[in-house]
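The values are calculated or read from the model by the stated rules, or taken from the named source; none is laboratory data. From a predicted model like this one, the values you see are computed outputs, not experimental measurements. Positions of Cβ are generated from backbone atoms using ideal geometry, with glycine treated the same way; all protein chains shown enter the neighbour counts. Just so you know, the surface numbers come from the protein's heavy atoms only, side chains and all, with ligands and any DNA or RNA stripped out. Shrake-Rupley method; radii C 1.70, N 1.55, O 1.52, S 1.80 Å.
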Amino acid sequence: MNEYPLTKFYFQVDWGGTQIGFHEVSGLDIEVETIEYRQGSSPEFSKIKMPGMKKYSNITLKRGSFKGDNEYFEWLQTIQLNTVERRTITISLLDEEGQPTIVWKVNNAFPIKVMSTDLKAEGNEVAIESIEIAHEGLTIENN
């Protein structure tokens, strides 16, 4: 096989806001919790393990800060008591031609934390802002 593994630096995020480039996406994982059980009359003096409920990590989206762009904070402000604007987020890893190769679809996402950039008088880095989102499910489509 003469193919190389996919590179991870060419991706796009459709998050329901302005389409600008993102710097980093993290937290794209699914975990299945285990259930330990032992029947009282079992001749084995140990527990068996069974698959339990799925568990999804929070996802963090990072991007450059732009003058006049307040969309992360505005989305966070939609939280009122038990209501929030939920969104479907699509994260796509792209090939050399810009076509999706792996697509992560995040269901019923909502913001739980907005982090502004850190400030340094002697630094010359780009100002990066980030948003942490909770969600109710993640599907992976590997084309």
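What the table below lists for this structure:
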read-out	value
Test: residue in region 32-47 that is under 30 Å from TYR4 (Cβ atoms), without any contact (Cβ under 8 Å) to a residue 40 or more places away in the chain and open to solvent by less than 100 Å² (accessible area, probe 1.4 Å)	no
Any hit, region 64-80, residues being part of a strand (DSSP E or B) and closer than 19 Å to LYS8 by Cβ	yes
Top-ranked residue in region 22-61 [being among the basic types (Lys, Arg) and under 23 Å from GLU141 (Cβ atoms); ranked as nearest to the chain's Cα centre (by Cα)]	LYS55
Where a residue in region 97-125 is over 13 Å from ASN143 (Cα atoms) and aromatic (Phe, Trp, Tyr) and its partner, wherever it lies, is open to solvent by 60 Å² or more (accessible area, probe 1.4 Å) and in a loop (DSSP other than H, G, I, E, B), with Cβ under 8 Å and at least six apart	PHE110/ILE79; PHE110/GLU85; PHE110/ARG86
Whichever residue in region 94-143 is assigned to a strand (DSSP E or B) and polar (S, T, N, Q) and, among such residues, is farthest from ARG63 (Cα to Cα)	ASN142
In region 118-143, residue nearest to LYS54 (Cα to Cα) [restricted to those that are among the β-branched types (Val, Ile, Thr) and open to solvent by less than 40 Å² (accessible area, probe 1.4 Å)]	ILE133
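Yes/no per residue for (1) among the aliphatic types (A, V, I, L, M); (2) in contact with a Lys or Arg (Cβ under 8 Å, 6 or more places away or on another chain); (3) crowded, with 17+ Cβ neighbours inside 10 Å:
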position: MET53; (1), (2), (3): yes, no, no
position: TYR56; (1), (2), (3): no, no, yes
position: SER65; (1), (2), (3): no, no, no
position: PHE73; (1), (2), (3): no, no, no
position: ILE79; (1), (2), (3): yes, no, no
position: ASN82; (1), (2), (3): no, no, no
position: THR88; (1), (2), (3): no, yes, no
